[in-house]
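Scroll down for the structure; my scribbles are underneath it.
The values are calculated or read from the model by the stated rules, or taken from the named source; none is laboratory data. Just so we're clear, the structure is a prediction, and the values are computed from it rather than from any experiment. Reconstructed Cβ throughout: ideal geometry from the backbone, glycine too, with neighbour counts over all protein chains shown.
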C-alpha cells in the first residue's frame, strides 16, 4: 500500500482503543541486538499500530465492536501491533513467528544510539535469547503471546476450530509456492471458527518473470473462488503499489449451514 493511501485510509477510521504515540520500551536490550536486526521503519510503533488498525477496521471490523472476547490468531505477527490492538479491545490474541537461520538473516544499518525507542526500560521479564527470532525484543517488551514454529510445515500446532479468527498478512508467499497455497489455506480454515483473512505481498518484482506472475495469478484466482472446508471467499481487495494494480487481501467466511 502506498504511504499516502495508508494515511488517507487511517484518517477515515474511528479512534484506536489505545494511545498509538508512545514509543517501544526497549532499554532492557543491547542496542546492537535490536538495531542490526530490525528495519528502522518497523521500530516506529506509531506507524506499526496505524497500519495494523487500518487492516483491522478494513478486513475484520466486527472484532472492533464485539462485546464478547474473541480468540484471534495472527500468523507471522512480527512486531505484534495487531496483537496490541486486539488485546486493548479485550480479545485473546495470539501470534506466531519463525526463528530465521543465520544464513538468511538480513543486516540493517545501525540506528543512532539516542534513538527514542531505547529511551525507557520495560517491565516484562527477559527470557532466554532465541537465536533468529528477530522481533523477540519488541514482543517481550509488550508481553504478547507469540508461538514459534516453521509455518512452511503443516499441520500447525493448534487444535481444530480453536480460534474465532485467523489472519496472515504478507507471509503466505514465504510459507509455500503459489501452487501449494491451498495446503496452507486449508490449515487456516481447520483452525478458524468464523473467518480467515489473508493479505498478499505485491506480485513478483520483475515484469519479465512470466512464470512467477502466472503462478501467483492462478493462486489468487483459486482463492477468489475458494469454497472448501465450510469456508467461502466473500471479499477480494485490490490495491495499487509500485508493482501495479493487484490483489492485496481476501476474506473467507465459515457458513455453518
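Brief remarks on what is shown
- Of the candidates 195, 151, the single residue that is crowded, with 20+ Cβ neighbours inside 10 Å and within 29 Å of residue 236 (Cβ to Cβ) is 195.
- Unmet criterion (only one of (1) in contact with a helix residue (DSSP H, G or I) (Cβ under 8 Å, 6 or more places away or on another chain); (2) modelled with pLDDT of 95 or more; (3) surrounded by fewer than 12 Cβ atoms within 10 Å (Cβ to Cβ)) for residue 225: (1)
- Of everything in the stretch 8-55 that is modelled with pLDDT under 85 and either loosely packed, with under 13 Cβ neighbours inside 10 Å or touching a strand residue (DSSP E or B) at 6+ places or on another chain (Cβ under 7 Å) (or both), the residue that is nearest to residue 241 (Cα to Cα) is 8.
- The stretch 22-31, residues that are under 19 Å from residue 86 (Cβ atoms) and under 20 Å from the mean Cα position of the chain (by Cα): 24
- Count of residues meeting criterion [in contact with a helix residue (DSSP H, G or I) (Cβ under 6 Å, 6 or more places away or on another chain) and buried (at least 19 other Cβ atoms within 10 Å of the Cβ)] in the stretch 85-117: 4
- Only listed residue being closer than 26 Å to residue 69 by Cα and under 18 Å from the mean Cα position of the chain (by Cα), chosen from 160, 164: 164
- The residues on offer are 230, 212, 143, and the sole one that is within 30 Å of residue 120 (Cβ to Cβ) and surrounded by fewer than 21 Cβ atoms within 10 Å (Cβ to Cβ) is 143.
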